[in-house]
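One structure is given below, encoded as structure tokens.
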Amino acid sequence: MKWGILATILAGVFIMEGTVLQIFIAEVIGSAFHFLPRFGLIIIIFISLYLGRRKAFFIGLVYGLFIDLLYGDVIGAYAFSMAVIPYLCALAYQYFQLNVLLVLITVFIGVYIHEIIGYGMLDLFGLTGGESFDWSQYIPTAFLNTFIAAIIYRPLTSFLETMGERRIDEAV
Amino acid sequence: MSNFFLKRRLLALLVSLILLVIIMGITVNDRPYPSWPERFIRDSFSLVQGVVYKPAYAVAGFFENIKHMYSAFEENKGLKQKMEEYTQMSADLQELKIENEQLRDMLDAKESKLSDYKVRAAEVIARSPERWNHTVIIDRGEKDGIEPNMAVITPKGYIGRVQSVSNYSSQVELVTDIERGNHIGAIIQGKEHIFGVVEGYDPKNNLLIMRKIPMQSEVSPGQLVITSGLGGTVPKGLVMGEIVAVRMDDQFLTKDAFIKPNADLQKIEKVFVVERSFVPPTEIPVPKPTEEGGTGS
């Protein structure tokens, strides 16, 4: 039941990323700077921190695969980064206690590295159009997504905490 | 035992990585007709996306209307002035058309087939939330007669081409995603036509780049660029944009022109898919082997 709700949330976010948010971004931000909505990634990072990284790995794989199928030129690029980033995020947390600040920092770094991996993957197959790598153009994306994560932190964590015992430490 | 487990895990990791690279390698090419699982997923998502996108666009449009109300008065004055010019222009155009027809009749020259096309209306239902894949999904597919590589326009001008078609939806690649063999033959309108190919995109300034324009040709900012209709499925005469800057290329042999796209690529709601009446043959003609080989002298 709870997993069904989670799946519905993820599907809704997935639809929103392509439709409502695109219109909203075009209206409000325009082309002043680039902002990519990565709300799905944020939720999967939360899942990996609160429900275990293996589950998050597979959820991310499916989520990324759908992005690749619907929008992408290459199948596998987003599936890879969406699966690996949440896994690594949780791996780094074996030695820390979870609190708001640390979770938000994780989201920031996670989204930022996700964009860099995304660039690398597409550059590998020559899909970036000769655009050179610019580390600063992902900062707005990372910041705004962290901001969104701060907003949804409270409801999402309380929901995830009801789903399972907190942070089952899986065997390495 | 644990040693064996560790080894197997490494193997699994390696195999899955190799599998990933293989899948990416296979799917990296343009696939105008995707496989049926992809079609199924795209079509079923396109249903939901269509339901969500249209109301969202309507709401956004409402807010924009409020914004526009403030500047309506000024705009109205300017438009009225333009309207007067327009009456004169349309009268001139009518005259020229008749004259053109008469001259054609006298010369016995046929209408050029290059600019002949039919359009099909379609609605945008989603945009890719990504940086490099400038992809838009529209709600018409193979069952509605859409074919790969058809040009896609808005009333303001050319915006891209159909990249891949599913049954009830298709993906449109915008002009800004121009780098991979997606070059468009174009004409700079001036005293005489200058032919060239739009083959680059400058993401910083959102400008298209037309390269290899001959040095002696007169190109200046403000000139319009239209599609040339030479080759491919893009008909002649679709507006692409306006030149905003011209510069020498790196070797000082040719010129590069920077083109500002006329259509607003940020906000796309309704588009038209252009079906060209005359598609030039793409195969390279091969000389036929002589049939009576050996019998001749």
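We did not get these values from a lab; they are worked out from the coordinates using the rules stated. This is a predicted model, so every value here is computed, not measured. When we count neighbours, we look across all protein chains shown, and the Cβ atoms used for this are built from the backbone with ideal geometry, even at glycine.
Normalised radius of gyration (Cα atoms, divided by 2.2 N^0.38 Å) for the stretch A:40-106: 1.13.
Between the beta carbons of B:Arg120 and B:Asp43, assuming R0 = 25 Å, the FRET efficiency works out to 0.90 to the nearest 0.05. Sequence-distant contacts, meaning Cα pairs under 8 Å at least 6 residues apart, place the relative contact order of chain B at 17 percent.
Classification of chain B by its C-alpha gyration tensor yields an oblate form. The axis ratio a/c (a ≥ b ≥ c) is 1.5 or more, and b/c is at least a/b.
Exposed loop positions in chain A were taken to be chymotrypsin sites (Phe, Trp or Tyr not before Pro) whose DSSP state is not H, G, I, E or B and which have at most 12 other beta-carbon atoms within 10 angstrom. Between these positions, the longest stretch is A:34-95. Rg over Rh for the stretch B:30-109 works out to 1.32, both radii taken from alpha-carbon positions and Rh defined as the Kirkwood radius. Here the label points at B:Lys191 and A:Val28, each 7 Å from Cα along the C-beta direction, are separated by 5.2 nm in the simple model. Where in the stretch B:222-274 are there chymotrypsin sites (Phe, Trp or Tyr not before Pro) that are in a DSSP coil and have at most 12 other Cβ atoms within 10 angstrom of their Cβ? Answer in residue order: B:Phe252.
Applying a DSSP loop filter and a limit of 15 other Cβ atoms within 10 Å to the trypsin sites (Lys or Arg not before Pro) in the stretch B:171-264 leaves B:Arg180, B:Lys191, B:Lys204. What the Cβ-Cβ distance of B:Lys143 and B:Asn65 gives, at R0 = 35 Å and to the nearest 0.05, is a FRET efficiency of 0.50.
Can you flag which of B:Lys77/B:Lys260; B:Lys143/B:Lys236; B:Lys204/B:Lys260 are past 19 Å Cα-Cα? Can you show the working numbers first?
Values: B:Lys77/B:Lys260 26 Å; B:Lys143/B:Lys236 26 Å; B:Lys204/B:Lys260 12 Å.
The answer is B:Lys77/B:Lys260; B:Lys143/B:Lys236.
Dividing the alpha-carbon Rg of the protein assembly as shown by 2.2 N^0.38 Å yields what? For the protein assembly as shown, the normalised Cα radius of gyration comes out at 1.17.
Would you please classify the overall shape of the stretch B:1-67 from the alpha carbon gyration tensor, given that a ≥ b ≥ c denote the square roots of the eigenvalues, rounded means a/c under 1.5, and beyond that prolate means a/b larger than b/c while oblate covers the rest? Could you put the intermediate results ahead of the total?
Values: a/c = 3.68, a/b = 2.43, b/c = 1.52.
Note, shape of the stretch B:1-67 comes out prolate.
Membrane-span-like helices in chain B, defined purely by DSSP H runs whose alpha carbon atoms cover 20 Å or more axially and whose average Kyte-Doolittle hydropathy reaches 1.6, are B:2-27. Our Cα-only numbers for the stretch B:184-263 put the radius of gyration and Dmax at 11.6, 33 Å. Membrane-span-like helices in chain A, defined here as complete DSSP H runs extending at least 24 Å along the helix axis by their C-alpha atoms with mean Kyte-Doolittle hydropathy no lower than -0.5, are A:2-18, A:53-71, A:100-124, A:139-163; this is a sequence and geometry rule, not a statement about a membrane. Taking amide H atoms as placed 1.01 Å from N in the peptide plane, the amide H of B:Gly241 lies under 5 Å from those of B:Val225, B:Asn262, each 5 or more residues away in sequence or on another chain. With a ≥ b ≥ c the root eigenvalues of the C-alpha gyration tensor of chain A, is it rounded (a/c under 1.5), prolate (a/b larger than b/c) or oblate? Since a/c reaches 1.5 and a/b is larger than b/c, the shape of chain A is classed as prolate. Here A:Ala150 and B:Met83 are evaluated by their C-beta separation; at R0 = 56 Å the FRET efficiency comes out at 0.65.
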